[in-house]
1. If you work out semi-axes √(5λ) of the Cα gyration tensor in Å from the coordinates, which of (1) 27, 19, 12; (2) 21, 20, 15; (3) 35, 28, 13 do you get?
2. Once R0 is set to 22 Å, what does the formula 1/(1 + (r/R0)^6) return for the Cβ-Cβ distance between D17 and S120, expressed as a FRET efficiency to the nearest 0.05?
3. About its Cα centre, what dipole magnitude does the stretch 26-128 give when the only charges are +1 on Lys and Arg Cβ and -1 on Asp and Glu Cβ, stated in debye to the nearest 20?
4. Local charge sum around V117 (other residues, Cβ-Cβ under 13 Å, Lys/Arg +1, Asp/Glu -1)?
Amino acid sequence: MDWQLHGVKIIPAGGLDPNTPQTPGMTRAAAITHARTGASKLWAGTVVVQPNAKTGPHHHGDLETVLYIIRGRARMRWGDRLEFTGEAGPGDFIYVPPYVPHQEINALPDEPCEAVVVRSGQDPIVENLQMASPEPTGPHPAAIPFHPEPGT
């Protein structure tokens, strides 16, 4: 086996791929995919929710999702009417089971919420849902990259 070619892959911070399904209010970027690394059982990347912003309600089909909060404060809503809520901060993990309607909200007015996301499969399933959110609406500032380009 050629371990140099088929071994460990390092994805530099500036090398993430934003060409992945998106949900309004959040920016996703892929790091670990089959095309990029040969991964076959999981997908990993980053998500950013801007200050005071919220995503549209969505689910990820039969995929399990784990988020690890790096910076900021994430408020999650979930359920058939997004009636349940909880919050997580830096160092906390969030688990989202398959088919659970959910919404990510940045609970802070002045700092992006940044997280690492890992899913249990390669399919880029993002099912955006047409449902109302009980969360108040806030401004949606321009996106700030999770990993700034070198020299910025």
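1. (1)
2. Between D17 and S120 the formula returns 0.70.
3. Dipole about the Cα centre, nearest 20: 180 debye.
4. -1
Values in this text are rule-based calculations from the coordinates and carry no lab data. Keep in mind that this is a model prediction, so the values were computed, not measured. Don't worry about glycine lacking a Cβ; one is built from the backbone with ideal geometry, like all the others, and counts go over all protein chains shown.
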